[in-house]
1. When only C-alpha pairs under 8 Å and at least 6 residues apart count, what is the relative contact order of the chain, in percent?
2. Please turn the phi angles of segment 63-73 into ³J(HN,Hα) values with the Karplus equation 6.51 cos²θ - 1.76 cosθ + 1.60 (θ = phi - 60°), one per residue in order, whole Hz, x for glycine and proline.
3. Calculate one ³J(HN,Hα) per residue across segment 40-47 by plugging θ = phi - 60° into the Karplus curve 6.51 cos²θ - 1.76 cosθ + 1.60, and present them in order as whole Hz with x for glycine and proline.
4. More than 14 Å apart: what percent of Cα pairs in segment 1-44 qualify?
5. For segment 1-49 and segment 83-143, what is the centre-to-centre distance using only Cα atoms, to the nearest Å?
6. Once amide H atoms are built 1.01 Å from N in the peptide plane, which residues 5 or more positions from Leu62, or in another chain, come under 5 Å H to H?
7. If segment 63-143 were replaced by its equivalent ellipsoid, with semi-axes equal to the square roots of 5 times the Cα gyration tensor eigenvalues, what would those be, largest first, whole Å?
8. Find out how many positive minus negative residues lie around Asn115, taking Lys and Arg as positive, Asp and Glu as negative, among other residues whose Cβ is under 13 Å from that of Asn115.
Amino acid sequence: MKNDPVIVERVYNAPIEKVWTALTQNEALKSWYFKLEEFKPEVGFKFEFSGGPEDGPQYLHLCEVVEVIEGKKIAYTWRYDGYPGNSTVSWELFDHGEKTLLKLTHEGLETFAENGPDFAKTSFVGGWTYFVNDALKKYLENE
């Protein structure tokens, strides 16, 4: 269905505490995610950043933390300045001993449909797959 969320899962060869730090500490985030001016894993904290296709326009992302379960889950709203639509990104962690299962879910993508091809579900699938399977894996397992 077109309203299905994007879900990307990955098991990392890293303890849950290390993955949590990578998701919630700004210095760590800058190493594998977006260059955020500031980030705090606190409900109500607002942050923004620019991003988009490497060879295309950059979009201002406006986000607000809406849920934090220490060491287990962080979720934030995700929308674009000047464009309709609002979505939610959640990162959930599951302890597998010395390893950690991460489940990323991005819901509400259908609200961006009228904004053009850069906002297509396939763009989000590609982006999240890169961050979860490449960038974060490299950060966690190659340090």
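Each reported figure results from applying straightforward, stated rules to the coordinates on display, with no laboratory input. Since the model is a prediction, treat every value here as computed from it, not as a measurement. We place every Cβ from the backbone using ideal geometry, glycine too, and count neighbours over all the protein chains shown.
1. So the answer I get is 29 percent.
2. 10, 9, 5, 10, 7, 9, 10, 3, x, 10, 7
3. The phi angles translate into 9, x, 10, 4, x, 6, 9, 9 Hz.
4. Values: 582 of 946 pairs.
Counting every Cα pair in segment 1-44, those more than 14 Å apart make up 62 percent.
5. Computed from Cα coordinates, the inter-centre distance equals 9 Å.
6. Under 5 Å from the amide H of Leu62 lie the amide H atoms of Arg79, Tyr80, Asp81, each far enough along the sequence or on another chain.
7. On the way: eigenvalues 137, 51, 18 Å².
Working from the Cα gyration tensor, I get semi-axes of 26, 16, 10 Å.
8. Details: positive: Arg79, Lys121; negative: Asp81, Glu110, Glu114, Asp118.
So the surrounding residues net to -2.
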